[in-house]
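Below is one structure, written out as structure tokens; the observations come after it.
The values are calculated or read from the model by the stated rules, or taken from the named source; none is laboratory data. From a predicted model like this one, the values you see are computed outputs, not experimental measurements. Counting neighbours? That spans all protein chains shown, and the Cβs are built from the backbone with ideal geometry, glycine included.
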């Protein structure tokens, strides 16, 4: 084997090892530099595709054509890839549950995946809870078409449970209000204070836990932030 071919093989091997060790961008940079200097544009493209297939790397790490030269590739920045990985690790999934609403219909949280969920634990005897409800009504009116769903979970027990539906009707609440939430509240850390509100993003990850009375603007800021993230 000639000295040139040996050198080329070392470059490919080193790049492949880096790819296999999860340093996809670094490995592909090695391979790209090798292919640019030693092969024609068409050969370079085929060589990189062959290495990608051998390494089994993800689409996020694969190069895409820049549209200027078939031998030029643009790799996703390593920092962006690492951020995606970190976001996945930081995601605390909202526990799924099934409860009936005030009209007796079943509501399953997972049926609404892809939406921003404001999950509000409250009771009819809690004054701060009732103060927050107009904010939730306004949020649902303003952002419902954009993918927001407010969900009220009543923690009222036997002696006040009968008051929930009349209250919902009187307030013209425009989002689902679920009954018998006490039995599933432990899934969310055994709610100790009310109101307690969870902010759940489009991936189903809990992004915030707000305990106590909050203003409309704080909820709206959360909604806008999650909408901007897509």
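Residue-wise test of (1) closer than 12 Å to residue 152 by Cα; (2) over 21 Å from the mean Cα position of the chain (by Cα); (3) in the same structural domain as residue 113 (by TED's automatic domain parsing); (4) modelled with pLDDT of 95 or more.
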{"position": "175", "(1), (2), (3), (4)": "yes, yes, yes, yes"}
{"position": "180", "(1), (2), (3), (4)": "yes, yes, yes, no"}
{"position": "190", "(1), (2), (3), (4)": "no, yes, yes, no"}
{"position": "197", "(1), (2), (3), (4)": "yes, no, yes, yes"}
{"position": "201", "(1), (2), (3), (4)": "no, no, yes, yes"}
{"position": "212", "(1), (2), (3), (4)": "no, yes, yes, yes"}
{"position": "217", "(1), (2), (3), (4)": "no, yes, yes, yes"}
{"position": "220", "(1), (2), (3), (4)": "no, no, yes, yes"}
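Right, residue 174: surrounded by fewer than 20 Cβ atoms within 10 Å (Cβ to Cβ) and in a loop (DSSP other than H, G, I, E, B) or not? It is true that residue 174 is surrounded by fewer than 20 Cβ atoms within 10 Å (Cβ to Cβ) and in a loop (DSSP other than H, G, I, E, B). Out of everything in the stretch 123-138 that is closer than 19 Å to residue 102 by Cβ and under 30 Å from the mean Cα position of the chain (by Cα), what residue ends up being surrounded by the fewest Cβ atoms within 10 Å (Cβ to Cβ)? Looking at the filtered set, the residue picked out is 134.
Residues checked against (1) touching a strand residue (DSSP E or B) at 6+ places or on another chain (Cβ under 6 Å); (2) assigned by TED's automatic domain parsing to the domain that holds residue 108; (3) without any contact (Cβ under 8 Å) to a residue 60 or more places away in the chain:
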| residue | (1), (2), (3) |
| --- | --- |
| 125 | no, yes, yes |
| 131 | no, yes, no |
| 138 | no, yes, no |
| 141 | no, yes, yes |
| 144 | no, yes, yes |
| 149 | yes, yes, yes |
| 157 | no, yes, yes |
| 164 | yes, yes, no |
| 168 | yes, yes, no |
